[in-house]
Amino acid sequence: MSILLAIEVSPRHEFSTSRKLTALFIDQWKAAHPGASVVVRDLMRTPPPFVDFAWIGGAFTPGEQHSPESAAAIKVSDDLVAELKAADHIVIGTPMFNFSIPAVLKAYIDQIVRVGVTVSPNNVGLLTGKKATIILASGGDFAPGSPVEKYNQASGYLRQVLAWIGIKDVEIILAGRARAGTTGETAVEQFGASVRSAAVAMPAVAAANFGFDHPLLLNGRHFSTADYHAARRHIDRVSRGFFDFSLQSAREFRQYDVRSARLRHRMRQCDWAVRHRALRSDACRKPCVGDRTPTEMTL
């Protein structure tokens, strides 16, 4: 049975943009995973303690040498780590504070990043095979291409620290200009589609598989990642030759502005693997031009 771990961070509770978007994500995820369970970790209602001397003693000494204070301190970390290990998908809903993350989320991260528990002594992450989605709400617009994009320290840090413990399949939804709706309704309307799409996306299992989570099939035969990238290059070449289109970025999600509805439909079919890390067997089946890729995949 799949388990979703939802980590709530905002101190605004029912007025929070990130909490409303996280609730939307949970609903969509549950609909896509019947029978699965959701565990909610609200860091504002049960804030994790900061690392202190007792915690260090518990983390770096054998259990039989723990003082009562160290044993109590490290038990909090053990419980949080066990909860994280049991999850298949993690969603973190958090605001951006001063270009970074709230202190309570940093305290949580310090509790779960432990040598020998979530990362090996030779710096290899141990929590592999998981997917994480981060919903990052901010008052400003830190989307790629904005004048203040480089000030967004939160996205890079969260992606880096999750990869450090082995969670490399990370998707970040930037819910910028959250102040436009003081109770989150505007953000839900604006970013709802992105959140729903992230909730049903399939997780990747290994970087060596280029993000695909199962063997790909096309017309009854195996379809390799090399085949896929050759097909994508072919799509771009055909598009440049027949139509005038531009590629734009919209907050972590790729959207195509193609002047031909016919080509836009074909591009959506053939871009399924990029956006959802999977290919459907009927994608790209109908030819629209005469030439073929080296793998004889018609477009």
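The table for this structure:
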{"quantity": "In region 115-127, the residues that are within 22 Å of the chain's Cα centre (by Cα) and surrounded by 12 or more Cβ atoms within 10 Å (Cβ to Cβ)", "calculated": "T118, V119, G125, L126, L127"}
{"quantity": "Residue in region 143-158 that is at pLDDT below 90, touching a Leu at 6+ places or on another chain (Cβ under 6 Å) and not in a helix (DSSP H, G or I) present", "calculated": "yes"}
{"quantity": "Top-ranked residue in region 128-152 [being hydroxyl-bearing (S, T, Y) and under 19 Å from W164 (Cα atoms); ranked as surrounded by the most Cβ atoms within 10 Å (Cβ to Cβ)]", "calculated": "T133"}
{"quantity": "Number of the exception - T128 against (1) part of a helix (DSSP H, G or I); (2) over 21 Å from L43 (Cα atoms); (3) at pLDDT 95 or above", "calculated": "(1)"}
{"quantity": "Members of region 1-18 found to be in contact with a strand residue (DSSP E or B) (Cβ under 6 Å, 6 or more places away or on another chain) and not hydroxyl-bearing (S, T, Y), listed by number", "calculated": "I3, L4, L5, A6, I7, E8, V9"}
{"quantity": "Residue check for H66: in the same structural domain as A193 (by TED's automatic domain parsing) and under 19 Å from A103 (Cα atoms)", "calculated": "no"}
{"quantity": "Qualifying residue in region 15-29 (condition: more than 22 Å from the chain's Cα centre (by Cα) and either over 18 Å from A199 (Cβ atoms) or not in a helix (DSSP H, G or I) (or both))", "calculated": "yes"}
{"quantity": "Index of the failed condition, P34 passing every other in (1) part of a loop (DSSP other than H, G, I, E, B); (2) in contact (Cβ under 8 Å) with a residue 24 or more places away in the chain", "calculated": "(2)"}
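The values are calculated or read from the model by the stated rules, or taken from the named source; none is laboratory data. If you're wondering where the values come from, they're calculated on a predicted model, not measured in any experiment. All Cβ positions, even for glycine, are placed from backbone atoms using ideal geometry, and neighbour counts span all protein chains on display.
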